[in-house]
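See structure below.
The values are calculated or read from the model by the stated rules, or taken from the named source; none is laboratory data. None of these values were measured; they are calculated from a predicted model. Counting neighbours? That spans all protein chains shown, and the Cβs are built from the backbone with ideal geometry, glycine included. Surface areas here come from the heavy atoms of the whole protein model, side chains and all, with no ligands, DNA or RNA. Shrake-Rupley method; radii C 1.70, N 1.55, O 1.52, S 1.80 Å.
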Amino acid sequence: MADPSSYRPRPGQIPDSPGVYKFRDEHRRVIYVGKAKNLRQRLANYFQDLAGLHPRTRTMVTTAASVEWTVVSTEVEALQLEYSWIKEFDPRFNVKYRDDKSYPYLAVTLNEEFPRVQVMRGAKKKGVRYFGPYGHAWAIRETVDLMLRVFPVRTCSAGVFKNAERTGRPCLLGYIGKCSAPCVGRVTPEEHRDLAEEFCDFMAGCTGTYIRRLEKDMMLAAEEMEYERAARLRDDAGALKRAMEKSAVVLADATDADLIAVAEDELEAAVQIFHVRGGRVRGQRGWVTDKVEAVDTAGLVEHALQQLYGEETGDSVPKEVLVPALPEDPEAVSQWLAGRRGSQVSLRIPQRGDKKDLMITVQRNAQQALGLHKTKRASDLTTRSRALEEIAEALGLDTAPLRVECFDISHLQGDDVVASMVVFEDGLARKSEYRRFQIKGFEGQDDVRSMHEVIGRRFKRYLHEKERTGEWEETPAPTGPVPAPADPAAPAPMDPAVPVPAPPEPAPGGPVPGAVAPAAPDTGPREEPREDDGRPKRFAYPPQLVVVDGGQPQVAAAKRALDELGIDDIAVCGLAKRLEEVWLPDDDDPVVLPRSSEGLYLLQRIRDEAHRFAITYQRAKRAKRIRSSPLDDVPGLGETRKQALIKHFGSVKKLRQATIEEVCEVPGIGRRTAESVAAAFAAAAPAAPAVNTATGEIIEDDDGGSRT
């Protein structure tokens, strides 16, 4: 615990102008970012008597080891810089809203020649018009299904569109009148774009014009005794009215506004946002956050505005934002919002009328969301604190392990051996710190040896980072390099197989998590992160506790790896799955935690997360190996020429049987490449044939080999 007076700036050193300040810990990691109209007055509040500080503020200033600031000219610039730094440094003591789900949007891809209507999630793309967010994807599809009667815009994927364009036959929607079928030329690109823009206008709130037009056309068709056409127009108008009914009018004056409400207690806060466009609620979303800093309702509102509009521009920022409490500097926030929108934005508290009534509804939703979150979340702050304290007591640690790293080994009968490292900070998963390893030191199945290798590689990188930043100096004796592991097959201190960061996990039902290329060997010196920039560095921070998935042998291997590196200040334990026993190094008997223990529950969640992360990577690696082809090993043969070869011969099997002269006939393939292709197929060993156990026949796939 640091004494704030040890790094307090000298009197008169801090300017009295607007600016943004950063607190850093002893590892030079940014732990808090704030802004102030007057830096001197604001920073002085942090260096008063610790007894007078809020407990969360006291924790932050005693964790910090230095403070620095950047002067700006206006409060608006300070707001922008604060948001940028919070996004860049991810400070531990700043409020960060966690979106409780990935909300779907109704998107119209106006950046394409033939715009497409579809459901989209994730980051917004340039040139795409978004409507929402919606609570459920099925709500979007119901609305789109109704509107396609009137606005038959393309909804198919690029592959379906190109296939219809090639065959000259539209899809089913084209036959039943719910698509204008631009793929076969029924409408021109200009006519189809007009349909898409009319679709967007209707979704943006310009509903009356289109309904009146349909009703007028219906009456004219009836007068001309075109009763079938009149009936179709009647049904179209009814479909649009039903689509409108899905979002009832809440503000009669066709207001475009976002209403933000906050529900909070001492530990957490929930934010709910209603998006009102054209007087109708077009979307709803919510966030939940831990109150890790001393912040009131006004501060929570300001953080919510930064989260909501920090990356939005244009009409995505409404003309009016209604909040329960104004930020500390409402004028600066209003100017910032106006800069994002490009025109004036009204930021105010509703006082009476329909807007006040709607704000009460939003507030009720926020309170319900907070209550639901607390009942569903087993890892709230109180529970997490109790769990960490129980772990510390059971393992005999001096302090609660705020950072825990867990390692697991995964393989399939000794093939594709991989390992995972998951990180939990303050009892919560920190997925940006997850790492994956390929076992390179030996072949075959040996979980104990694999665990020794992975722990050694991870903490060699940690020592390397400490030495690079000057936080750790080698002692005069011994003068040699870091001792190598006892196992001769273990990797060298600078192992070329560098673990790779984990990719974002897909939504349920999506592609296999971790299905990306494994870590590539280093070919030379890599560019290290800039020193003292405050950004998280890989392997730069040690855990207080290392957990391994396994029993006494795995724990002994992990402890031996740490001892060989001279690391003696990191606790190690293992969690055996059979009886959920906690094993400690050099202890013959395990530590048995009560089944109702929050500490055991947290260790189980960490262990299970490591197991899940390892097995998904192992499956992806195995799937990639199964899908591999001899053509992958041909130097200089890219994906385009691979496809040209397959297309020319029709299958890998026929390509394997082709002569060098026949391969040379493929456009772009020279004789040297053809010889390399033939050599690759000759070197590839044929797979053992697969046999249908019911019929006894050999099953062959397209490349002439058996299916596996």
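Things to note:
- Here the accessible area is traced with a 1.4 Å probe on the protein chains. For the range 18-129, carbon and sulfur cover 47 percent of it.
- Per-atom-type breakdown for the range 312-392 gives carbon and sulfur 47% of the accessible area (1.4 Å probe, protein chains only).
- Peptides 402-409, 26-33 ordered by average Cβ neighbours within 10 Å, highest first: 402-409, 26-33
- Here the Karplus curve 6.51 cos²θ - 1.76 cosθ + 1.60, taken at θ = phi - 60°, turns the phi angles of the range 213-227 into couplings of 5, 5, 5, 5, 5, 5, 5, 5, 5, 5, 5, 8, 6, 8, 5 Hz, with x standing for Gly and Pro.
- Surface accessible to a 1.4 Å probe, ILE260 within the full protein complex, Å²: 0
- Probe 1.4 Å - accessible area at LEU358, Å² to nearest ten: 20
- Taking all protein chains together and rolling a 1.4 Å probe, ASP256 ends up with roughly 60 Å² accessible.
- Residue ranking by accessible heavy-atom surface, 1.4 Å probe, largest first, among ARG186, ARG229 comes out as ARG186, ARG229.
- The convex hull around the C-alpha trace of the range 1-84, projected and averaged over every direction, spans 5.4 square nanometres.
- Cβ crowding within 10 Å averaged over residues, with 157-167, 455-465 ranked highest first: 455-465, 157-167
- For the range 405-462, with all protein chains in place and a probe radius of 1.4 Å, 39% of the accessible heavy-atom surface sits on carbon or sulfur.
- Per-residue accessible area (protein heavy atoms, 1.4 Å probe) orders VAL422, VAL76 as VAL76, VAL422, starting from the largest.
- With 25 Å as the limit, the listed pairs LYS291/LYS356; LYS35/LYS125; LYS37/LYS87 have LYS291/LYS356; LYS35/LYS125 beyond it between alpha carbons.
- Figure note: SER450, SER73 ranked by solvent-accessible area, largest first, 1.4 Å probe, ligands and nucleic acids not counted: SER73, SER450.
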